[in-house]
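Each remark here refers to the structure printed beneath this line.
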Amino acid sequence: MRRNRFQSKSQICIGTCVAVILGAILGAILGAIVTTSAAEQKIGAPPEAMNMRLVGYDDLQGRSAYQPTIHHQGDRYIAYIGHHGGTPETPKPLNPLTGQPEFNGTSIVDVTDPAHPQYLAHIPGTPGNYEEGGAQMTRVCDGRTLPKGDPSKTYLLRVFGGKSHQIYDVTDPAKPALIWQRDGELNDTHKSFWECDSGIAYLVSGVPGWRVNRMTEVYDMSDPAQPVKIRDFGLGGQQPGANGPIPEQLHGMISLGSQGNRIYFGYGTNKNGIMQIVDRDKLIHGPKEPTAENLLYPEVGRLVMTPFNGAHTTFPMPKMPIAEFAKDAVGAERDIVMIVDEEIRNACEEPQQMAWFVDVTIEAHPMVISNFQVPEASGDFCSRGGRFGTHASNESMAPVFYKKVAFLSYFNAGVRAVDVRDPYHPKEIGYFIPAITAVTDKRCIKVNGQDSCKVAIQTNNVETDDRGYIYIVDRANTGMHILELTGEASALATH
């Protein structure tokens, strides 16, 4: 399929002096000069795509979106989408269902028919713009799976801005009801993880007294109405009373549960990254006082990354058969973790972030074996506006894609589908860059002391479901796109 390239015509100015004067006046009035380039996206232009196609779309009420969780709920599929805060121009977007402006929080969308999503409800979050407000994180568990849950109910765990954590009864997703909120105010929160089969939750929190704003609180949430705290956890040097250098704060974690007995923590996001491998049983049942010795006790391995790179998402793919090694007497099967960094700055103003594939078969000695990145020149991405680089991967372990195809959110490069069957040689097999809309928000950098702004898609996070649909949400208010693989890429997912 031929890739679409968007060309903008140069604006012809009559009279250099007049143009300069008008530009200065407009800059003073608007506070930003919106620039254009050959790569800049245009409203109404078609999406750019290869081996992926659009199935359905919801505008998410024009809210900046972070994490989508897709839950098979009875005979329905429900998407729970966490949101960043609003913008200075629109701090409280309108909720058409209530007729009221509401601080960004959590959108609940029925995606049973992915071609016709139905927006069911919005749960407001905390005041604040961008990452200062909203309710970014979502996890969902059924009561029939949780050891002490009500079998007839479904539960949503979310952050309440950077202040707290909450659990909602979402049995009727159109009528969410708050049933628990953590006591006390935290310094920050982020992307937690909830094991539905055990009820153990690992909450990204900022407990006052710790030397970082994001560390881990471990909770037993097997009874969602009465969670019980187990312990605090972090890297040595982050705990209260510690001295010396402070390791970069936590971003999130992914657990393999009681059977896998491993949790993979990611610290650093876009710099000074650390991927930490933790023995789950030792974390939960080991000594709980946050001393340097006790914090180190459950650790079985650690990868220290460069100052240029971080660990935003740490996605485990254990026991991967490697075709090239099939005849080897040892090592034909490898344990792999895909580490995805997050690009933070716009217009390539920092080292490019990417995905790293790490062999953790020998846990005490993790080894980077390959990486994946989108060539910048393939789309003139540094000139498009906004961020260019990785952010996150899908986290579903449903068989349709797991250990075969990974999906990476890539900001202005959309979502990229990557064949990971040979993690030593990951290969792109598809991509989709949505079109911008009239509500897509601008992204700015400073040029000669003035704001230079462009509008570009900012695909923020991605998730998949067990039917094979791919869900991407946009940081710049463009909404949620539901996709599917086509052509050769589709065939790969069925094998």
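The values are calculated or read from the model by the stated rules, or taken from the named source; none is laboratory data. Given the structure is predicted, the values throughout are model-derived calculations rather than measurements. Please note: Cβ atoms are built from the backbone with ideal geometry, for glycine as well, and neighbour counts cover all protein chains shown. Surface areas here come from the heavy atoms of the whole protein model, side chains and all, with no ligands, DNA or RNA. Shrake-Rupley method; radii C 1.70, N 1.55, O 1.52, S 1.80 Å.
In Å², what does the accessible area per residue of the chain work out to with a 1.4 Å probe?
The answer is 41 Å² per residue.
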Below 8 Å, C-alpha to C-alpha, sequence gap of six or more: please give me the relative contact order for the chain in percent. 14
Quarter of the surface of the C-alpha convex hull for the stretch 341-393, i.e. direction-averaged projected area in nm², equals 4.3
Given 10 °C and 1.306 mPa s, how large is the Stokes-Einstein diffusion coefficient of the chain in µm²/s, with Rh as the Kirkwood radius over Cα pairs? 68
Roughly speaking, what is the stretch gain from Ser152 to Ala174, that is 0.36 nm per residue apart minus the C-alpha to C-alpha distance, in nm to one decimal? 6.3 nm
Between helix 16-30 and the chain, what is the angle of the helix's C-alpha long axis to the longest principal axis, kept within 0 to 90° and rounded to the nearest 10? 40
Quick one: if you stick a label point 7 Å off each Cα along the C-beta vector at Met397 and Glu89, how many nm between them? 4.3
Could you tell me what fraction of 2.2 N^0.38 Å the Cα radius of gyration of the stretch 118-249 comes to, as a two-decimal ratio? 1.10
Summing Lys, Arg as +1 and Asp, Glu as -1, what charge do residues with Cβ under 12 Å from the Cβ of Gln166 carry, Gln166 excluded? +2
Can you give me the Cα centroid spacing of the stretch 203-246 and the stretch 87-159 in angstrom? 25
For Met317, which sequence-distant residues (separation of 5 or more, or a different chain) have an amide H within less than 5 Å of its own amide H, given hydrogens modelled in the peptide plane? Ile336, Val337, Met338
